[in-house]
2 protein chains.
Amino acid sequence: MRTNPMPLDGVRALVFDVFGTVVDWRGGVAREAAPFLARHGSSADPALFADAWRRRYQPAMEEVRSGRRPFTRLDVLHRENLDAVLPDFGIDPAGLPAAELDELNLAWHRLDPWPDAVAGLARLKARYIIAPLSNGNIVLMIDMARRAGLPWDAILGAEVARAYKPAPEAYLRTAEILAMRPEEVCLVAAHNGDLAAARRCGLRTAFVPRPAEHGPGQATDLAPEEEWNVVAEDFGALAARLGL
Amino acid sequence: MRTNPMPLDGVRALVFDVFGTVVDWRGGVAREAAPFLARHGSSADPALFADAWRRRYQPAMEEVRSGRRPFTRLDVLHRENLDAVLPDFGIDPAGLPAAELDELNLAWHRLDPWPDAVAGLARLKARYIIAPLSNGNIVLMIDMARRAGLPWDAILGAEVARAYKPAPEAYLRTAEILAMRPEEVCLVAAHNGDLAAARRCGLRTAFVPRPAEHGPGQATDLAPEEEWNVVAEDFGALAARLGL
């Protein structure tokens with residue numbers, strides 16, 4: 001008999017938050033936005049532009065979660081949010097070719113993984129089914145994975161579940177698709193709120209803090225706010241904690 | 001100007017029929033069924049058992065396609081079909097533990113790829129997004145891919161589209177999820193009927209015959225029945241034909 005059981009005993013799939021947890025969205029969007037902003041005469045800090053674009057993310061999804069809008073994939077919401085945020089940076093999107101804005105919108109498909117992510121996922125995949133459970137849509141996740149080498153077994157998440165986190169359906173339908181009980185699925189995330197919502201649905205929880213997600217001034221999600229099933233400082237440490 | 005353009009010019013994603021095209025369902029189900037049949041006193045040829053189980057596949061999906069039944073994933077249909085076919089082999093499923101039948105049902109998750117499939121997919125993946133567009137459900141495709149080493153970029157298909165091929169929605173929603181026009185997506189399949197349905201939706205078509213799918217007596221799908229965009233004898237030849 002084991003006196004010190006592995007955490008996540010009985011878990012068969014690890015599903016991952018992606019923006020912030022697997023990839024650095026702020027740095028990636030800033031990198032892609034920098035030449036665009038310079039070309040159009042803005043001297044704004046591209047990282048602050050990334051922050052401003054991202055601030056419109058939750059309100060846009062809330063329109064869907066509330067039922068005021070049918071399910072609409074994130075690429076479309078990002079594109080609308082881009083039109084909405086550009087005037088705050090002195091740029092009129094109506095004066096630009098749609099193709100140039102569509103191209104900038106693909107910044108979200110080209111985010112770099114945190115340095116530990118690819119190797120950590122490969123280790124975790126040896127025992128667990130691994131898949132994103134992201135609000136990002138399927139083709140966004142495909143493009144990101146191909147560019148970054150993320151070795152997912154499948155692309156799950158909002159577009160497959162037709163529900164945006166933290167709505168319970170996003171977690172419960174994902175477990176149902178995997179033909180698993182919720183407690184056989186563990187969410188890995190850098191965000192306490194996401195983990196809390198997953199736990200309310202019966203999923204297991206692993207917290208991996210990403211203290212640089214929001215840049216040098218980050219004040220949120222620096223530490224676990226509940227007793228999550230596992231806490232690890234990066235994906236390598238998570239694999240080690242799970243005996244992999 | 002190229003005088004001999006590559007076939008599939010403008011295509012960005014290859015989506016694959018799986019049962020028969022990528023994997024040998026008949027051989028795999030027979031291999032898994034053999035000890036089960038022997039254990040329960042049947043001397044039937046396990047390949048004929050596989051054929052009989054498979055014959056109930058299209059009628060079960062037709063209940064969904066016709067709208068008489070809400071979308072139900074293939075694992076559930078396979079399990080119902082197993083209960084239905086066993087009496088024809090002298091076995092009463094009501095007399096067996098459900099767990100034993102559930103386990104046999106997973107035979108469909110453990111099918112071997114045709115010998116050229118894994119290497120061919122890896123070559124094709126260098127240029128194209130590759131994904132199954134199968135009537136098999138997501139976790140079935142995940143289990144199969146992990147066991148066989150199929151390097152999919154994502155799992156698409158009936159459960160994601162909520163429609164069974166050859167319903168048009170299965171093809172059209174898959175293109176829509178990929179954010180591609182139908183002509184930017186090519187279906188690779190060993191079945192003329194599947195390709196014809198995809199073509200009617202505007203997808204491009206690649207025929208790879210699998211003359212052993214139905215065993216030594218196969219009489220169908222031995223040759224192309226329309227001028228498909230590409231015809232290749234296996235996935236390696238397909239990659240070569242596409243300059244990969």
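Some observations on this one:
- Complete set of residues in the stretch A:107-116 that are assigned to a loop (DSSP other than H, G, I, E, B) and aromatic (Phe, Trp, Tyr): A:114
- Pairing residues of the stretch A:65-76 that are closer than 20 Å to residue A:54 by Cα and within 14 Å of another protein chain (Cβ to nearest Cβ) with residues that are of a type in the set (Lys, Arg) and in a loop (DSSP other than H, G, I, E, B), at Cβ distances under 8 Å and at least 6 apart in sequence or on separate chains, gives A:71/A:162.
- Residue within the stretch A:40-55 that is closer than 20 Å to residue A:162 by Cα, more than 14 Å from every other protein chain (Cβ to nearest Cβ), surrounded by fewer than 20 Cβ atoms within 10 Å (Cβ to Cβ) and of a type in the set (D, E, K, R) present: no
- The residue that is nearest to residue A:132 (Cα to Cα), counting only those in the stretch A:147-201 that are acidic (Asp, Glu) and crowded, with 21+ Cβ neighbours inside 10 Å, is A:153.
- The set of residues in the stretch B:162-178 that are acidic (Asp, Glu) and more than 10 Å from chain A (Cβ to nearest Cβ) contains only B:169.
- For residue A:12, the test of being at pLDDT below 95 and either among the aromatic types (Phe, Trp, Tyr) or more than 17 Å from residue A:143 (Cα to Cα) (or both) is failed.
- Selection status of residue A:133, touching a residue at least 40 places away in the same chain (Cβ under 8 Å), touching a strand residue (DSSP E or B) at 6+ places or on another chain (Cβ under 8 Å) and more than 23 Å from residue B:122 (Cα to Cα): yes
- Unmet criterion (only one of (1) over 25 Å from residue B:190 (Cβ atoms); (2) touching a strand residue (DSSP E or B) at 6+ places or on another chain (Cβ under 8 Å)) for residue B:95: (2)
- Residue B:241 being of a type in the set (Lys, Arg), more than 30 Å from residue A:76 (Cα to Cα) and touching a strand residue (DSSP E or B) at 6+ places or on another chain (Cβ under 9 Å): yes
- Selection count where residues are assigned to a loop (DSSP other than H, G, I, E, B), touching an Asp or Glu at 6+ places or on another chain (Cβ under 7 Å) and not charged (D, E, K, R), scope the stretch A:50-106: 0
- Boolean, residue A:83 is within 14 Å of another protein chain (Cβ to nearest Cβ), without any contact (Cβ under 8 Å) to a residue 24 or more places away in the chain and more than 20 Å from the chain's Cα centre (by Cα): no
For (1) within 13 Å of chain A (Cβ to nearest Cβ); (2) closer than 26 Å to residue A:176 by Cβ; (3) in contact with a Pro (Cβ under 8 Å, 6 or more places away or on another chain), each residue gets a yes or a no:
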{"site": "B:105", "(1), (2), (3)": "yes, yes, no"}
{"site": "B:108", "(1), (2), (3)": "yes, yes, no"}
{"site": "B:113", "(1), (2), (3)": "no, no, no"}
{"site": "B:128", "(1), (2), (3)": "yes, no, no"}
{"site": "B:142", "(1), (2), (3)": "yes, yes, no"}
{"site": "B:157", "(1), (2), (3)": "yes, yes, yes"}
{"site": "B:160", "(1), (2), (3)": "yes, yes, no"}
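- Residue match in the stretch B:216-234 (condition: assigned to a helix (DSSP H, G or I), over 20 Å from residue B:26 (Cα atoms) and in contact (Cβ under 8 Å) with a residue 60 or more places away in the chain): no
- For the stretch A:119-142, the candidate set comprises residues that are touching a helix residue (DSSP H, G or I) at 6+ places or on another chain (Cβ under 7 Å) and among the β-branched types (Val, Ile, Thr); within that set, the residue that is surrounded by the most Cβ atoms within 10 Å (Cβ to Cβ) is A:138.
The values are calculated or read from the model by the stated rules, or taken from the named source; none is laboratory data. Please read all numbers here as calculations on a predicted model, not as lab measurements. Here Cβ is always computed from backbone atoms with ideal geometry, including for glycine, and neighbour counts include all displayed protein chains.
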